[in-house]
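First comes the structure, then the notes that go with it.
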Amino acid sequence: MPVPHALYEHSVEAFAILLLLSGLDDLVPTLLVLWCWARPKRRPRRIPEPEEERRIAIFVPCWREAAVIDEMVRRNLSVIRYDNFDLFLGVYPNDDATLAAARRLAATLRRVHTAECPHAGPTSKADCLNWIYQHMLLFEEERRMRFDTIVVHDAEDLIHPGALALINRERQIYDMIQVPVLALPTPKRELTHGVYCDDFAEYQTIDMRARQISRAFLPSNGVGTAYAHDVLDRLAETNGNRVFEPASLTEDYESGVRIHALGYSQRFCPLATAGDFTATREYFPRAFWKAVRQRTRWVMGVALQSWERNGWRGQWLTKYWFWRDRKGLWANPLGAFANVLFIAGVLTWLWAWRVDRPWPMRVYSPLAISLTTATLLLQCVRLAIRMECVRRIYGGTFALLVPLRSLHENVINGVATARALVTYALARLRRSPLVWLKTEHAYPSREAFTAPARELAQILVGSGYIAESAMESMRASLPPGAELSDRLLGYGLIDEERLCEAIGLQEGLPSVYLKPPDVDANIARSLPANIAADFEVVPFRVEAGRLLLAGPKPPRLNFRRELRHFTRLDIEFYLVTWRNFEELKSVLL
């Protein structure tokens, strides 16, 4: 056998071994759940219904949620079958629309209260939650009362009507309770969001239950998590008055680890009822690159940053779940590479069949054939398990596309892991903070409810876009009257996209990239050409009674009032790069 082909077969054997080991490891949670189900049944520990409702506070951190927060609050208040709760909306002073919406709700609904952060946003979810917690303490002091339980939710969550009653019952025994989280169903053509449907269906059905069975730490799922007040007090006491770690990219995961290490009891409420599952429902990213961005943060936070912060402390079961959570660092790229090999194999086989030649990717080694066969069978078992989890929640038709979505997920996870590793390595080499946006203020002391606005340079350094030393050198050499952003672009220290995002963070504006073919020309011409040119904007969408405008720089003061003469729709502004703006102008105007 030629040496190159022998090397190829040895590579296939090694690759198959890694896939087989990863697949066997992925079966462990399923085997744990099956073992628990199959062992001799004991009478389940029945928690009696409590005689009274504990007082519950719901925390909802908000940033640019004006479009959804009113509907979210009113809908959830109307369906929740529980009486003794209050809802705290965390808002930022530079998010005028959300702040106004939250104040309107608080003025008309007795259960709703605003918790304004003392500094401009956005910072991090953990930071916002910390300030909500401080406002809740003030609320308790003023009314001489105390909440028993705090529940964390997002502004897009659909809270199940029975979720608070379930938490109230479980709180008789447990200090932290996780209500299941499921993705809302979307059309089958939306493969990216379908990946989240598949992931959460399997994770909530098997992995979270397996963690509970093994009595290892239970990570928070970010929403639908209930904490005893005493637990949050202890977290603050042990971490400089920071309940949630603002430097952590995944504060929910981190809180679960910390709570378990402190010896508090944790409980995952399984998906026990068919049909109407008691679960928090929400939408997840529905576009490929948004999913990559979110999962990059997950990999950096759960795998890399948690490894750095927590090491491998704990009993062997805890270490095993750390291994499970960090395995994606090599398993995700492996899965993406498996996609490439699969597609290459199919294409080369079709070519060989068409030209009547031997298949160039064929292997002859009995070991390689046995390993790849075992890997294929194991993958079929894994897909069957996932399909059953998905069928139970979303139906059989949706479950049929699980194999296709698994290929799509491998690509998402592979790209996200590569980005996470590169970002993490660069942050460590540059000694820059490993956060999306550095939060530089003090945490939280209620005496410090004011903070200065941040400069663009601080945001660029804090976000890890530019090293602090390079920024100091650039600012020292900046001529009088020159724009820092122009100099940074001119010297190639930052690209337009990142600069646009940083300016958006500074000004409290969302940044976006728009493909000209995706914009309706009629909408783009909905403002007079001279007015659009004067304001340097391009209308690109009409949505829920709002006209969305794109421009390369923050709008001038009172621009909404001036544009009111030309449209009756509410105005919402988005930042785009100058290059993207010129593309939109040349094609649409």
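Values in this text are rule-based calculations from the coordinates and carry no lab data. Predicted model, so just to flag it, every value in this text is computed and none were measured. Backbone-built Cβ (ideal geometry, glycine too); neighbour counts: all protein chains shown.
With a cut-off of 14 Å between beta carbons, the residues surrounding Glu251 carry a summed charge of 0, where Lys and Arg count +1 and Asp and Glu -1. Rounded to whole Å, the principal axis extents of the Cα atoms in the chain read 75, 69, 47, largest first. Sparsely packed loop sites in segment 333-399 (the chymotrypsin sites (Phe, Trp or Tyr not before Pro) outside DSSP H, G, I, E and B with at most 12 other Cβ atoms within 10 Å) comprise Tyr364.
Long hydrophobic helices in the chain, taken as whole DSSP H segments with a C-alpha length of 30 Å or more on their own axis and mean Kyte-Doolittle hydropathy at least 0.5: 3-38, 328-355, 366-394.
Exposed loop sites are taken as trypsin sites (Lys or Arg not before Pro) in a DSSP loop (any state but H, G, I, E or B) with at most 10 other beta carbon atoms within 10 Å; the longest stretch of the chain without one runs 432-555.
Electrostatic tally near Arg111: other residues with Cβ closer than 12 Å to its Cβ, Lys and Arg +1, Asp and Glu -1, net +1.
Of the chymotrypsin sites (Phe, Trp or Tyr not before Pro) found in segment 31-105, no site is in coil according to DSSP while having at most 14 other Cβ atoms within 10 Å of its Cβ.
Taking the Cα centre of segment 324-389 as reference, the dipole from Cβ charges on Lys and Arg (+1) and Asp and Glu (-1) amounts to some 120 debye. The relative contact order of the chain comes to 14 percent, based on Cα pairs under 8 Å that sit 6 or more residues apart.
Checking every one of the GluC sites (Glu not before Pro) in segment 40-102 against DSSP loop status and a limit of 10 other Cβ atoms within 10 Å picks out Glu51, Glu52. Distance from the C-alpha centroid of segment 117-165 to that of segment 29-105: 10 Å, rounded to the whole angstrom.
Positive contributions from Lys and Arg (+1) and negative ones from Asp and Glu (-1), summed over other residues with Cβ under 13 Å from the Cβ of Val422, come out at +3. Legend: translational diffusion of segment 253-331 by Stokes-Einstein, Rh = Kirkwood radius over C-alpha pairs, 25 °C, 0.890 mPa s; D = 163 µm²/s.
For the chain, with the dipole built from +1 on Lys and Arg beta-carbon atoms and -1 on Asp and Glu ones, taken about the Cα centre, which of Val223, Ala533, Tyr394 lies farthest toward the positive end? Ranked along the dipole, the leading option is Tyr394.
For Thr114, nonlocal amide neighbours, meaning residues 5 or more places apart or on other chains whose placed amide H falls under 5 Å from its own, are Leu89. So what does the Cα-only Debye profile of segment 516-588 read at q = 0.13, 0.20, 0.23 Å⁻¹, as log10 I(q)/I(0), no solvent term? Normalising to I(0) and taking log10 leaves -0.32, -0.79, -1.07. Here Lys188 is the anchor, and the aspartates and glutamates within straight C-alpha reach of less than 18 Å, apart from those fewer than 8 places off in the same chain, are Asp198, Asp199, Glu202, Glu282, Glu388, Glu409.
Amide H contacts of Arg541 (H built 1.01 Å from N, in plane; Pro and chain starts excluded): Leu548 sit under 5 Å, all sequence-distant by 5 or more or on other chains.
Each listed q (0.18, 0.23 Å⁻¹) maps to a log10 I(q)/I(0) for segment 456-500 from the Debye sum over equal C-alpha point scatterers, namely -0.46, -0.76. So if the hydrodynamic radius of segment 141-183 is defined as the Kirkwood radius over C-alpha pairs, what does Stokes-Einstein give as its diffusion coefficient at 25 °C and 0.890 mPa s, in µm² per second? The calculation lands on 200 µm²/s.
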